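A short worksheet on the structure shown next.
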Amino acid sequence: MTEKSNLDLMNYIDGEFVPHSTEEWLDVIEPATGVRYARVPLSNPEDIDSAVEAANLAKQEWGALSHKDRSVWLDKIADGLETRFEEMASLESRDTGKPISIARSVDAKRSIANFRFFADLLRGHSEEKFEMPDASNIVVSKPVGVGALITPWNLPLYLLSWKVAPAIGMGNTVVCKPSELTPMTADLLMRVIDEVGLPRGVVNLVHGDGPGAGSPLVAHQGVDLVSFTGGTSTGEKVAKSASSSFKKLSLELGGKNSSIVFSDCDFESTIAGVVRAAFLNQGQVCLCGSRILVEDGIYESFKLSFVEAVEKMRIGDPSDEQTELGALISKDHIEKVMGYVSLAKNEGGKILTGGKPCLPSEFEGGYWMAPTVIENVDYNSRCSTEEIFGPVVTLHPFEDEMEAIEIANGTRYGLAGSVWTQDLEKGQRVSRSMETGMVWINTWLHRDLRVPFGGVKDSGVGREGGRWSMDFFSEPMNICLKHD
Ligand code: TXE
């Protein structure tokens, strides 16, 4: 039992911040130092019941509003987040260990954009019509009901806002369950929602871990829809639990993505692009390019330049504007990631760079790992086919296009990838042969919010983004009107 900390979060249910029903808490640890700086409720099924009940009570009135009326609320939330931009970024940086520059340019910016984007999409929404000679068909988008939104620790508010905005925009009410490792910006979102006066019960939030809160939420009879982002193994549990009552389900899971580098690439920009794809957010993004496939002809020169660029990356204090690499999320996670580096050695791998960075003493308790590059492991080895989700990449030479595609498709995942070549015909041809949901050519993580996001195989089920989110968070109803 830890003593009361100066920052004890609360659940947000039915328009109020309320204590959870147990005396149990989880420590919130600052990854850069390993020091506890807050506490988060370890909620239980009773808290989930209250939140689902509040969402159910609110869904009738909220669902009856027009898309346009609801878009006004999304803009109000975006305005509220905008006024708290710096607080949002510094909280996210402290909570996740990521550099403040990334917390601003990726997490905070995109969290606001998510609400703005869906507000616009809602305003542009019109009912589809299909005319027959003697009848008119009108397709009405109706809310699904109560949604469970479960999110991970790598991009906490970026991913939570990406679910909340379309979910409530399409008329649903929601219960959010953020990761217990990174609850701070979810709490900030509730403070903004409270301040703008969103009708009570539309958005609820219950803090806690999987067994105590996530699992009861997915299984709850009062929940009609589940949108989950997280690990593949947890996604499997969620799918099993949600299937018993035919809940609508979206799963955005793990990835093991290839960056395919051809000899005819623009060498300098490819080095920079593949380094960013490999190590953004310390490699803790499901889209990261952790398998780097390089055409034989430039393998050696690419390897040297790549390692040189990696070793120049600035790792250290997340609050320093110049920092490019921060800490990993937790002790457990860094041990898992370091375990893969040991495994790589056992699989014949050669560590070209990486290991324990030397940092100022105030960070000695943190979860720090230098970006690590490994070669000489087979492209079928465990460390080059399993999701490591840290600053660890493997290099693999390939002979030709066919072999590159075979290697890239040789994992249980199918989320994303990138292709680097100045022959754009070849770039498209290779992309179309990849078993993923997304491919970037000569870039990475270049995002248009209108496009579909998601993967195949063990990377998940369904798509998020743009109209794919609008469709997921609604039930189409067709009304056929016979005219005389
Ligand atoms: O995800 P989890 P974590 C991968 C990455 C990482 C692994 C685990 O490999 O190492 O997933 O990360 C809640 N029913 N990705 O621990 O465990 C949990 O409380 C319902 C890829 O973050 O999947 C948290 O809120 N909910 C991923 C959320 O699920 C449950 C990003 C995610 O937790 C639950 C992050 C249960 N039984 C990790 N158990 C991506 N695709 O971006 C846990 N939760």
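Scanning the range 213-234 for residues that are under 18 Å from the mean Cα position of the chain (by Cα), assigned to a strand (DSSP E or B) and either more than 7 Å from the ligand (Cβ to nearest atom) or among the polar types (S, T, N, Q) (or both) returns Val226, Ser227, Thr229.
How many residues are in a loop (DSSP other than H, G, I, E, B), hydrophobic (A, V, I, L, M, F, W, C) and more than 22 Å from Ser431 (Cβ to Cβ) if we restrict to the range 235-278?
To start, the set of residues in the range 235-278 that are in a loop (DSSP other than H, G, I, E, B) comprises 244-247, 253-256, 262-266.
From the residues that got through so far, the ones that are hydrophobic (A, V, I, L, M, F, W, C) too are 246, 253, 262, 265.
Going one step further and asking which of them are more than 22 Å from Ser431 (Cβ to Cβ), we end up with 246.
The qualifying residues number 1.
Does Gly410 qualify as being surrounded by 16 or more Cβ atoms within 10 Å (Cβ to Cβ) and either of a type outside the set (Asp, Glu) or not assigned by TED's automatic domain parsing to the domain that holds Asn281 (or both)? So Gly410 fails the test. Here the strands (runs of 3 or more DSSP E) wholly within the range 1-69 that include at least 1 residues being among the charged types (D, E, K, R) are 16-18, 25-30, 35-41.
Gly63 meets each of the listed conditions (1) in contact with a strand residue (DSSP E or B) (Cβ under 6 Å, 6 or more places away or on another chain); (2) among the small types (Gly, Ala, Ser); (3) more than 22 Å from Gly147 (Cβ to Cβ) apart from (3). Looking for whichever is in the same structural domain as Asn204 (by TED's automatic domain parsing) and either touching a Cys at 6+ places or on another chain (Cβ under 9 Å) or without any contact (Cβ under 8 Å) to a residue 40 or more places away in the chain (or both) here; the options are Val52, Val18. Which one fits? Going through Val52, Val18 in turn, just one is in the same structural domain as Asn204 (by TED's automatic domain parsing) and either touching a Cys at 6+ places or on another chain (Cβ under 9 Å) or without any contact (Cβ under 8 Å) to a residue 40 or more places away in the chain (or both): Val18.
Restricted to the range 367-389, and to residues there that are out of contact with any strand residue (DSSP E or B) (no Cβ under 8 Å at 6 or more places or on another chain) and within 14 Å of Ile334 (Cα to Cα), the residue that is nearest to the ligand (Cβ to nearest atom) is Phe389.
For beta carbons closer than 6 Å, sequence separation of 6+ or different chains, a first residue in the range 252-269 that is farther than 15 Å from Ser384 by Cβ and a second that is of a type in the set (D, E, K, R) and away from the ligand (no atom under 16 Å from the Cβ), the qualifying pairs are Phe262/Glu295; Ser263/Glu295; Asp264/Asp423. Of the residues examined, Glu236 is not one that is in the same structural domain as Ile405 (by TED's automatic domain parsing) and without any contact (Cβ under 8 Å) to a residue 12 or more places away in the chain. Among residues of the range 148-163 that are surrounded by fewer than 24 Cβ atoms within 10 Å (Cβ to Cβ), those with a Cβ under 6 angstrom from a residue that is acidic (Asp, Glu), sequence gap 6+ or separate chain, pair up as Tyr158/Asp107.
All told, Pro41 meets the bar of being surrounded by 19 or more Cβ atoms within 10 Å (Cβ to Cβ), touching a residue at least 40 places away in the same chain (Cβ under 8 Å), more than 26 Å from Ser319 (Cβ to Cβ) and under 26 Å from the mean Cα position of the chain (by Cα).
Yes/no per residue for (1) touching a residue at least 40 places away in the same chain (Cβ under 8 Å); (2) more than 16 Å from the ligand (Cβ to nearest atom):
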{"site": "Phe398", "(1), (2)": "yes, yes"}
{"site": "Glu406", "(1), (2)": "no, yes"}
{"site": "Arg412", "(1), (2)": "yes, no"}
{"site": "Arg432", "(1), (2)": "no, yes"}
{"site": "Met438", "(1), (2)": "yes, no"}
{"site": "Pro476", "(1), (2)": "yes, yes"}
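Just one residue in the set Pro133, Pro156 is of a type outside the set (A, V, I, L, M, F, W, C), closer than 20 Å to Phe115 by Cβ and at pLDDT 95 or above; that residue is Pro156. The set of residues in the range 357-384 that are of a type in the set (Phe, Trp, Tyr) and over 24 Å from the mean Cα position of the chain (by Cα) comprises Phe363, Tyr379.
Residues being among the hydrophobic types (A, V, I, L, M, F, W, C) and either assigned to a loop (DSSP other than H, G, I, E, B) or near the ligand (Cβ under 9 Å from one of its atoms) (or both): count how many of those fall in the range 186-212.
3
Candidates in the range 170-185 are the residues that are in a loop (DSSP other than H, G, I, E, B) and on the phi < 0 side of the Ramachandran plot; of these, the one that is farthest from the ligand (Cβ to nearest atom) is Met170.
The values are calculated or read from the model by the stated rules, or taken from the named source; none is laboratory data. What you see is a predicted model, and the numbers here were worked out from it, not measured in a lab. Neighbour counts run over all protein chains shown; Cβ positions are idealised from the backbone, glycine included.
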